[in-house]
Amino acid sequence: MLQSVRNPCSTTLVLVAVVLVAGLIQPGIGRTPGRKAQPLAGLAPAANETLTYDHVHLGVPDPAKAVEWYAKYMGGQPGPAGEPNERLLFGKIRFIFLKTDKPLPSAGSAIDHIGLSFADLAAKMKEFETAGIKIVMPIQEEPGLFKRAFIEDPWGTKIEVLQDPETLGFHHVHLRAPDPEAALKWYLNMFGGERRKLKGRVDAVKYGEVWVLAEKGDATPSEGHAIDHIGWRTTMDLGAKAAELKAKGVKFTTEPRPVRDIHMSYVEGPAAVKIELLQR
């Protein structure tokens, strides 16, 4: 009869094999040194950075008068100490006034108009009428949306004034493009944001409290108009962000460069919207 014999060396080899196999199936064990872990199949890649909507840049012949007008009638507030005096704050959004001798009206350009929301639109409209401000469209009730009207500032900026208690102050940017759906997808793909429907009805991309809307229509480039450009801010190094966007096909019309306490650049959006991209 054969006698069973335990071999210590065989037992050791079995234990080593078990450890090696476990290392192959457990993340972080048995990995080749210096090699990054790969995402598991079927998992979505990390989302791109959502940029912060930063400002509207308006062309006006006299920035000081524009600051006074927007503070008096629109509710803009001076910036913190050290902020240049050619701008106002609407919450966290800057309105920056660029000296432009003869700005073209914003209506019909790639940035057709901006929207500001007030708690009592009827009272605001009476104030506008008393002040002689140009009324483009009187108050209309939009079922399922809100009350709204249109005015124009003294320098050609078309402004939608509305009563949306959910978002008071600076409310939206309204773009024009031959293909609004493609335009909104471009902003979502390049700048992040949240694809939403305003009041469940109007297609939009949302950045914090700011809505970006788009309507169908031919448009002229925004540069030189009363709304010259709009701006987003990145938390990344601007040079690195520019390289990322260039790889996606974004056209930079001004390369990143330092200006005072920021780094800034310009890119071209759908329908030739001029966009400032900055790192503050």
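When a/c reaches 1.5 or more, the comparison of a/b and b/c decides; with that in mind, is segment 47-180 rounded, prolate or oblate per its Cα gyration tensor?
rounded
How would segment 197-250 be classified by its alpha-carbon gyration tensor: rounded, prolate or oblate, with rounded meaning a/c under 1.5 and the a/b versus b/c comparison settling the rest?
Because a/c hits 1.5 or more and a/b fails to exceed b/c, segment 197-250 counts as oblate.
Taking the alpha-carbon distance from residue 65 and a cut-off under 23 Å, which lysines remain once sequence neighbours fewer than 8 residues away in the same chain are dropped?
Within reach: 92, 99, 102, 124, 126, 134, 158.
Please report the antiparallel percentage of the DSSP beta bridges confined to segment 158-280, to the nearest 5.
65 percent
Which percent of the accessible heavy-atom area of segment 178-227 goes to carbon and sulfur, probe 1.4 angstrom? Show your work: numbers first, answer last.
Details: 1170 of 2350 Å².
Carbon with sulfur: 50 percent of the solvent-accessible area.
Sort segment 105-176 into rounded, prolate or oblate with this rule: let a ≥ b ≥ c be the square roots of the eigenvalues of the Cα gyration tensor; rounded if a/c is under 1.5, and if a/c is not under 1.5, prolate when a/b is larger than b/c, oblate otherwise.
Oblate shape, in that a/c is at least 1.5 and b/c is the bigger or equal ratio.
Going by Cα centres, segment 49-72 and segment 209-250 are how many Å apart?
Taking the Cα centre of segment 209-250 as reference, the centre of segment 49-72 is 16 Å away.
So who's got an amide H within less than 5 Å of the one on residue 79, skipping anything under 5 residues away but keeping other chains? H placed 1.01 Å off N, in plane.
Residues meeting the amide H criterion: 89.
Please give every one of the lysines within straight-line cross-link reach of residue 251, meaning a C-alpha to C-alpha distance under 22 Å, and leave out same-chain neighbours fewer than 8 residues apart.
Here the lysines satisfying the reach criterion relative to residue 251 are 185, 241, 274.
Filter the trypsin sites (Lys or Arg not before Pro) in segment 230-270 down to the DSSP loop ones having no more than 11 other Cβ atoms within 10 Å, then list what survives.
Here the trypsin sites (Lys or Arg not before Pro) that fit, given the DSSP loop and packing criteria, are 248, 260.
The values are calculated or read from the model by the stated rules, or taken from the named source; none is laboratory data. None of the values given here were measured: they were computed from a predicted structure. Note that each Cβ is placed from the backbone with ideal geometry, even for glycine, and that neighbours are counted across all protein chains shown. The protein model used for the area step is the full one, side chains on, heavy atoms only, and it has no ligands, DNA or RNA in it. Shrake-Rupley method; radii C 1.70, N 1.55, O 1.52, S 1.80 Å.
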